[in-house]
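In what follows, a structure is listed as structure tokens, so that the remarks can point back to it.
The values are calculated or read from the model by the stated rules, or taken from the named source; none is laboratory data. In this text, all values refer to a predicted model and were calculated from it rather than measured experimentally. Positions of Cβ are generated from backbone atoms using ideal geometry, with glycine treated the same way; all protein chains shown enter the neighbour counts. Surface accessibility is based on the protein's heavy atoms, side chains included, excluding ligands, DNA and RNA. Shrake-Rupley method; radii C 1.70, N 1.55, O 1.52, S 1.80 Å.
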Amino acid sequence: SAVPGLSALEIDPEQAAATYREKIIAPIRDLLPIKEIETITEQLSGSCTTEIASFNEFTSLLADPAQTADFDHIIFDTAPTGHTIRLLQLPGSWSSFIDQNPQGASCLGPMAGLQKQKEQYADAVAALSDPEKTRLVLVSRAQKSALEEVSRTSQELKEVGMGTQFLVVNGVMPQEAGDELAGALYQREQSALQHIPAHLQTLPTDTVSLKPFNLVGLDALRGLLD
């Protein structure tokens, strides 16, 4: 590694989905008729399963201290909107779903095998909700629609127990940018920040100015932090 002690992992959603499918199907492949195996495989081939599989990789790290014991900090870069919010809500709604469909199947896999996953997801949500373990940072651009979306996300996360939140407003146009177009963008962003949703006004907030270079690589990262 170019930086001692720093490691990075990017989850491949397609590979995660393939591994997830095989994990579910392998134990039952020789026990069920081929038609039933084909039906389960089809149910596990959509975008829902891909999202679940990626989220499963994420929660397995959160819920297993042994995998992260060698690190002081673990940073997850996620998009906590839409499906991800609903995935975080799963532990609270799973019990009745499993009870009502004990022999059924879905894009999650056969219901009978979900109890362990339910517990893993619940442990992950508990870790995310613990302010002693986790800092939840919401990131937005200085735009009206983006700030409104982050405000909705903030409130939805609060409803699932993640109330200790921080806000970063990223890529803000600096005042000294100069030309007419930059000035117009600056004024629009400042107006959006002056009318930030009330819910976000209560969060500790940092602002990161727009940089004239692409933020890829160690030199760029050091430049950002400097």
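Scanning the range 200-219 for residues that are in contact (Cβ under 8 Å) with a residue 24 or more places away in the chain, closer than 30 Å to ALA122 by Cα and part of a helix (DSSP H, G or I) turns up at least one hit.
PRO91 satisfies every condition listed in (1) at pLDDT below 60; (2) part of a helix (DSSP H, G or I); (3) open to solvent by 60 Å² or more (accessible area, probe 1.4 Å) except (3).
If you check ALA53 against the conditions, is it farther than 18 Å from LYS118 by Cβ, part of a helix (DSSP H, G or I) and out of contact with any Cys (no Cβ under 8 Å at 6 or more places or on another chain)? No, not satisfied. Condition check: open to solvent by 70 Å² or more (accessible area, probe 1.4 Å) and within 15 Å of LYS144 (Cβ to Cβ). Does ARG222 satisfy that? Answer is no for this residue. Looking at ILE75, is it modelled with pLDDT of 85 or more and not hydroxyl-bearing (Ser, Thr, Tyr)? Yes: the conditions hold for ILE75.
Among the residues of the range 21-38, the ones that are open to solvent by less than 70 Å² (accessible area, probe 1.4 Å) and either in contact (Cβ under 8 Å) with a residue 60 or more places away in the chain or not in a helix (DSSP H, G or I) (or both) come to 3 in all. Of the residues VAL169, VAL150, the single one that is part of a strand (DSSP E or B) and either touching a strand residue (DSSP E or B) at 6+ places or on another chain (Cβ under 7 Å) or within 20 Å of PHE55 (Cα to Cα) (or both) is VAL169. For GLU119, the requirement of being loosely packed, with under 15 Cβ neighbours inside 10 Å and within 19 Å of THR59 (Cα to Cα) is met. For beta carbons closer than 8 Å, sequence separation of 6+ or different chains, a first residue in the range 174-194 that is of a type in the set (S, T, N, Q) and a second that is part of a helix (DSSP H, G or I) and open to solvent by less than 50 Å² (accessible area, probe 1.4 Å), the qualifying pairs are GLN175/TYR186. Tell me, which residue of the range 179-206 that is open to solvent by 90 Å² or more (accessible area, probe 1.4 Å) and not charged (D, E, K, R) is modelled with the lowest pLDDT? Among those that are open to solvent by 90 Å² or more (accessible area, probe 1.4 Å) and not charged (D, E, K, R), it is LEU181. In the range 2-13, the residues that are within 18 Å of GLY217 (Cβ to Cβ) reach residues that are not in a loop (DSSP other than H, G, I, E, B) with C-beta atoms within less than 8 angstrom, at least six apart or across chains, in these pairs: ALA2/LEU218; VAL3/LEU218.
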